Every structure is written in structure tokens, then in C-alpha cells.
Amino acid sequence: MRGRTDLIDALTKYFEGHIAKHKVNISNLLDNHVAIAEHPDIVETLDKELDLMSSYEDKLSVLKKYFVDKETNKKELLSD
């Protein structure tokens with residue numbers, strides 16, 4: 001079932017990429033909030049970024065908990 005593994009890998013990378021993107025955005029806002037004119041409400045903007053980041057963290061966690069472990073367990077059972 002190579003297709004399943006490829007899809008899980010793609011989703012993992014997709015979620016991790018979005019987490020990294022929002023982490024950089026948050027760090028940038030925390031370090032350079034004075035220079036960013038298009039974000040007049042820094043706290044609200046940070047809250048939105050954290051919300052998006054946590055959403056991808058949750059998705060990654062669910063993917064790993066319910067699908068990655070099953071794939072690993074299946075491979076271990078087949079190799080026994």
C-alpha cells in the first residue's frame with residue numbers, strides 16, 4: 001500500500017510546513033511588531049496566527065495517533 005504511505009507522508013509535510021510558517025510569523029511579530037504597519041492590532045494578529053498553528057498541530061497529532069501508528073503496527077505484524 002505505497003499510496004497510503006505517500007499520502008500520510010505528504011500530509012505530515014503539509015502540516016509541518018504550515019506549523020513552521022505560522023511559527024515564523026509569530027516570532028516575526030513578537031520581535032518586529034513596531035515595523036509592521038498593516039497589523040495595527042498585534043494581539044489579535046498573534047491570536048489568529050496561534051489559532052492557525054494550533055489547528056495544524058491538532059491535525060498532525062490526529063494523523064499520527066490514528067493513522068501513522070496503525071501503518072507502523074501493520075508493518076511490524078507482517079514482518080513477524
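The values are calculated or read from the model by the stated rules, or taken from the named source; none is laboratory data. Every value quoted in this text rests on a predicted model; they were computed, and no experiment measured them. Neighbour counts run over all protein chains shown; Cβ positions are idealised from the backbone, glycine included. With ligands, DNA and RNA removed, areas are computed over all heavy atoms of the protein, side chains included. Shrake-Rupley method; radii C 1.70, N 1.55, O 1.52, S 1.80 Å.
Results, tabulated for the structure shown:
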item: In region 1-24, residue nearest to residue 60 (Cα to Cα) [restricted to those that are of a type in the set (Val, Ile, Thr) and within 9 Å of the chain's Cα centre (by Cα)]; result: 12
item: From 28, 32, residue being at pLDDT below 90 and out of contact with any Gly (no Cβ under 8 Å at 6 or more places or on another chain); result: 32
item: Single residue of 75, 59 found to be within 22 Å of residue 2 (Cα to Cα), basic (Lys, Arg) and modelled with pLDDT of 95 or more; result: 59
item: Selection count where residues are free of Cβ contacts under 8 Å to residues at least 12 places away in the same chain and either small (Gly, Ala, Ser) or open to solvent by less than 40 Å² (accessible area, probe 1.4 Å) (or both), scope region 5-34; result: 4
